[in-house]
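Everything on this sheet refers to the single structure shown next.
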């Protein structure tokens, strides 16, 4: 009966999200009263919790379903900003209740059980996250990155274990080590976040549940076999693809390296010479013809990734020029210290292009606009692009 009640709740939530709540929230939003909007949102949560309790299901599950329904509405961000104070207060109370139920003596009384649950939880969740993300055709490297970052326990797991303890569904001697291990896994979150990139690359290199590096390098080497004095573009994002299109129009040989399968396929559909490969691996760069390349361009948003690749390139060819497209030069200070590395802040192109259009729309002569923009570009180049 409880399973049937849960299914009925999910069906009701699906119907309510599309038929009732969207219309109700839209009508309340059009009235322009912020207080009414907050009250209606809270009433929806309370009503869902009461309905769940009435059919014999946990009120917390009903509130959770209400949150899912409200999260599917067009007013999700609006509600989130208004309900943030309630969330912060109630989250604090939630963790207080979990702390009251936690028996830290289990660390001493049953250390092997706690350690066993901890070693089972974190790797298992990492692996499941990886498989789920790979199913969405995300690259192995990015899937490992996300899987490791999300490998610790979460608040929902704490909620479930708290409900299990309240209902006495499992003996406390078994639940307590699980709860302690879950809390300890949350304490590991900073460590997982700090080292996720290094560990993800290690897993990718080992071929664990991913494509072997040799296969990637073979594909890259086949495409780069006939290239000489070419440009290697690391990253097939919007910037990399636009650069590739410009080089194709100029007749300059080049090759793009990208570790995201979706970007690889999208780039190839646009006619760009994109190969699947991890540009941070020296073997992949060598397969791309680094020994015969004329220039290397990095288009990664993360300065740490760009720094690692630039160092790998210069370790092999110190005299080779490297261009790094970065969002802010101030975020890539270490790149300044590398020889033959030129930083290009992406905001310069957008800002200068916008300034040019505004001046032209204001009726200023095109030659004067070109002169002003060129002066500004040179001034920014001399200052390193730190400030607009």
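Treating the angle as unsigned and between 0 and 90°, give the value, to the nearest 10°, between the Cα long axis of helix 21-31 and the longest Cα principal axis of the chain. That works out to roughly 80 degrees.
Between residue 246 and residue 291, residue separation times 0.36 nm minus the direct Cα-Cα distance comes to 13.9 nm. Remark: the residue 269-residue 358 segment gains 28.6 nm on full extension, using 0.36 nm per residue and subtracting the alpha carbon distance.
The modelled label-to-label distance between residue 81 and residue 22, using points 7 Å beyond Cα along the C-beta direction, is 2.3 nm.
Hey, fewest Cβ within 10 Å first, where do 136, 97 land in order? Write out the running numbers ahead of the final one.
Working: 136 9, 97 12.
Placing the least packed residue first, the sequence is 136, 97.
Kindly express, to the nearest 10 degrees and within the range 0 to 90, the angle between helix 172-187's C-alpha long axis and the longest C-alpha principal axis of the chain. Compared with the principal axis, the helix lies near 30 degrees. Once label points are set 7 Å from the Cα along Cα→Cβ at both residue 112 and residue 89, what is their separation, rounded to one decimal in nm? Going by the 7 Å Cα→Cβ label model, 4.8 nm.
Taking label positions 7 Å along the Cα-Cβ direction at both residue 349 and residue 167, the computed distance is 5.5 nm, reported to one decimal.
What is the extension gain from residue 340 to residue 366, computed as 0.36 nm multiplied by their sequence separation minus the C-alpha to C-alpha distance, in nm to one decimal?
Values: separation 26, 0.36 × 26 = 9.36 nm, distance 3.47 nm.
Between residue 340 and residue 366, full extension yields 5.9 nm more.
Relative to the longest principal axis of the Cα atoms of the chain, helix 34-54 runs at roughly 50 degrees. Comparing Cα centroids, segment 113-176 and segment 73-104 end up 20 angstrom apart.
Each of 84, 125 was scored by other Cβ atoms within 10 Å of its Cβ. Listed from fewest to most, they are 84, 125.
Grab the DSSP H runs of the chain that are 4 residues or longer, score each as -39,500 (n - 2.57), total them, divide by all residues and round the 222 nm result to the nearest 500 deg cm²/dmol. Each step should come with its number before you reach the end.
On the way: 19 runs with 263 residues, N = 388.
Taken over the chain, the calculation gives -22000 deg cm²/dmol.
Exposure proxy for 152, 22: other Cβ atoms within 10 Å of each Cβ, ordered fewest to most, give 22, 152. For the chain, the pair-distance distribution built from all alpha carbon pairs, in bins 20 Å wide starting at 0, is 20, 40, 34, 6, 0 percent.
Taken together, the values in this text are just the output of simple stated rules run on the coordinates, not laboratory data. This structure is a prediction, so every number in the text was calculated from the model and none was measured. All Cβ positions, even for glycine, are placed from backbone atoms using ideal geometry, and neighbour counts span all protein chains on display.
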